[in-house]
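The structure appears below as C-alpha cells.
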Amino acid sequence: MSDKVILAYSGGLDTSVAIKWLKEKYNLDVITLTIDVGNERDFSAIREKALKAGALKALVADAKELFVNHFIFPALQADAIYEELYPLATALSRPLMAKLLVDAALEAGASVVAHGCTGKGNDQVRFEVSISALSPGLKIIAPAREWGMTREQTINYAQRYGIPVPITVASPYSIDENLWGRSIECGVLEDPWVESPEEVFTWTRSPSQAPDIPDYVEIGFDKGIPVAIDGQELDGVSLIQRLNELAGRHGVGRVDHLENRLVGIKSREIYEAPAALVLLQAHRALEAMTLAKDQLRFKQRVAQEYADLIYNGLWFTSLHQDLTAYVKSSQRSVTGAVRLKLFKGSSNVVGRKSPNSLYSYGLATYDKGDEFDQSASPGFIHIWGLPVRTQAQVQGISTLEIKK
Ligand code: ARG
C-alpha cells in the first residue's frame, strides 16, 4: 500500500499536475484539501477536478469564520500592514492553511503534505515554517519547486494525462485572493514603471467610473472588533464581504506596492483590498480617540513588528503570542463608531464617537465653556524649555545656524 499525501489544492494548473506528479515520482496516494478562505470559487467543480486528475479523495474545508476570527480580526486589532501598504491577506491565510493541512494529515494517517508554491516566493516559507512547527515529523514536498518544468512543459504534462488546463492559464497574471484582499503579480506588472492596466482589477471600479455621489458608511467596533455597519450588527464574514462590495464600488482599495520579499528580492505587487483598507483606517481613527498618546506611539511600533512577523511566516511563535496579549489588552477601550466617506477612489474618516473617548470638548474648545487653565501654561513652558535653554547657552545651536 502506498503512503498518503495531503496536497493543498487550489484547482489551478500546478496543483492539478501535482496530483499526477506526486503519484508518479513518489508513489503517493493524493488527498487534496481545498480551503475556502473567501475566494468565492466553485468548490464542487474543484473537487470534481481533483478526482478527475487522480486524487484518492478531495476534501473542501470552509475556513472563512476561522480565518476572520483568528487571523483577520487579530491582525486588524494590531493595525498590521506590511511596509505601510499591504494588509497581508495572503500572508495571514497561510498559517491557517498549514494548520488545516496538518490536521488532515493526522486524520488520514498521511506522513507527507504538499503545496503548490514555487521556490521564489514568501508562501513556501510560511507554509513550511508553520507545518514544521505544528508537526515536525511530517515530510513536506513542493512539487512546483522541484519538478523544474517551464509553464509550457507543465501544460504539456497536463495534456498528456488528460488534466484539463484552465482558461485562466491564458492570463499572464498570478492571482491569489481571499476575504481580506486580492493580489496580482506577473505580466506587464513586472515593469515597475508601467501603470497597472484596468484589466487586473476585479473587486474595485476605476475611480473615474465610480458613482458621482459619495456613500457614507458607519462602522461600529467593540473592543477593536468591527461588529456593525450603519447600526446593523453583522457577523465578521458578512461584514467584510459587505465592505468589499461597498468600498470596491467607489474605487477604494487599490494598492501598488514595490515590496521587499522575505527571500530577498523586490517584487511589484498590485493589491485590491477594499474592506481591509477601510477597516484599518476606521480602526486607527477610533484608537486615536480612545488611546492615550503614549499608548498610540507604542502600539505603532508593535504594529510594525506584528506585520513583519506575519509576513515572514512566524505566526506559530512565542513572540506572536506575546504581542497578541499586548494587542488584546490595548483594545479594551476601543469601542465606538467611525463614519467614513467613500468617493471616487478615496476613503476618508469624517466622524468618530466613543463612550471611552479621551477627546474633551471642554478642554479643546475655543468657544464659551473653555475649561483649559491657560494661566498654567507659562509655568509649564518654563520647565519644558529648561533643558533646551541650558544646552543652547552652554553649547550653542550650531546645527541650526542659518548661514548667510
Ligand atoms: N506578495 C504577497 C505576499 O507575499 C502576495 C503573494 C501572493 N501569493 C501567490 N501565491 N500568488 O504575501
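The values are calculated or read from the model by the stated rules, or taken from the named source; none is laboratory data. Note that the structure is a prediction, hence the values are computed from the model and not measured. We place every Cβ from the backbone using ideal geometry, glycine too, and count neighbours over all the protein chains shown.
Count of segment 134-143 residues, restricted to those that are within 13 Å of the ligand (Cβ to nearest atom) and not in a loop (DSSP other than H, G, I, E, B), is 0.
Taking segment 309-404 and the helices (runs of 4 or more DSSP H) fully enclosed by it, the elements with 1 or more residues that are closer than 30 Å to Arg94 by Cα are at 318-330. Restricting attention to segment 189-222, the residues that are surrounded by 14 or more Cβ atoms within 10 Å (Cβ to Cβ) and either in contact with a Ser or Thr (Cβ under 7 Å, 6 or more places away or on another chain) or modelled with pLDDT under 95 (or both) total 2.
Kindly indicate whether Ala144 is within 25 Å of Leu56 (Cβ to Cβ) and not acidic (Asp, Glu). The answer is yes for Ala144.
Considering segment 116-125, the residues that are more than 8 Å from the ligand (Cβ to nearest atom) and under 17 Å from the mean Cα position of the chain (by Cα) include one that is surrounded by the most Cβ atoms within 10 Å (Cβ to Cβ), namely Gln124. Counted as qualifying within segment 202-286 are the strands (runs of 3 or more DSSP E) with 1 or more residues that are more than 27 Å from Ala325 (Cα to Cα) and of a type in the set (Lys, Arg), namely 254-260, 266-272. Selection of helices (runs of 4 or more DSSP H) fully inside segment 12-110 by the criterion of at least 2 residues being out of contact with any strand residue (DSSP E or B) (no Cβ under 6 Å at 6 or more places or on another chain) and free of Cβ contacts under 8 Å to residues at least 40 places away in the same chain returns 13-26, 43-52, 89-108. Considering only residues that are more than 14 Å from the ligand (Cβ to nearest atom), in contact (Cβ under 8 Å) with a residue 24 or more places away in the chain and either part of a helix (DSSP H, G or I) or surrounded by fewer than 18 Cβ atoms within 10 Å (Cβ to Cβ) (or both), which ones fall in segment 163-185? The answer is Pro164, Val165, Pro166, Val169.
Determine whether segment 246-254 contains at least one residue that is closer than 24 Å to Val37 by Cβ and within 16 Å of the ligand (Cβ to nearest atom). Scanning segment 246-254, I find at least one residue that is closer than 24 Å to Val37 by Cβ and within 16 Å of the ligand (Cβ to nearest atom), so the answer is yes.
Is segment 144-160 home to any residue that is at pLDDT 95 or above, within 16 Å of the ligand (Cβ to nearest atom), in contact with a strand residue (DSSP E or B) (Cβ under 9 Å, 6 or more places away or on another chain) and assigned to a helix (DSSP H, G or I)? The answer is no, given that none of the residues of segment 144-160 is at pLDDT 95 or above, within 16 Å of the ligand (Cβ to nearest atom), in contact with a strand residue (DSSP E or B) (Cβ under 9 Å, 6 or more places away or on another chain) and assigned to a helix (DSSP H, G or I). With respect to (1) more than 25 Å from Arg339 (Cβ to Cβ); (2) more than 17 Å from the chain's Cα centre (by Cα); (3) not acidic (Asp, Glu), the lone exception for Ile229 is condition (1).
Here is a yes/no grid of residues against (1) more than 16 Å from the ligand (Cβ to nearest atom); (2) buried (at least 22 other Cβ atoms within 10 Å of the Cβ); (3) of a type in the set (Gly, Ala, Ser):
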site: Tyr26; (1), (2), (3): yes, no, no
site: Leu33; (1), (2), (3): yes, yes, no
site: Phe43; (1), (2), (3): yes, no, no
site: Glu48; (1), (2), (3): yes, no, no
site: Glu65; (1), (2), (3): yes, no, no
site: Tyr82; (1), (2), (3): no, no, no
site: Tyr86; (1), (2), (3): no, yes, no
site: Ala89; (1), (2), (3): no, yes, yes
site: Arg94; (1), (2), (3): no, yes, no
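For segment 255-295, a residue qualifies if it is closer than 30 Å to Gly336 by Cα, within 16 Å of the ligand (Cβ to nearest atom) and among the hydroxyl-bearing types (Ser, Thr, Tyr), and exactly one does: Tyr271.
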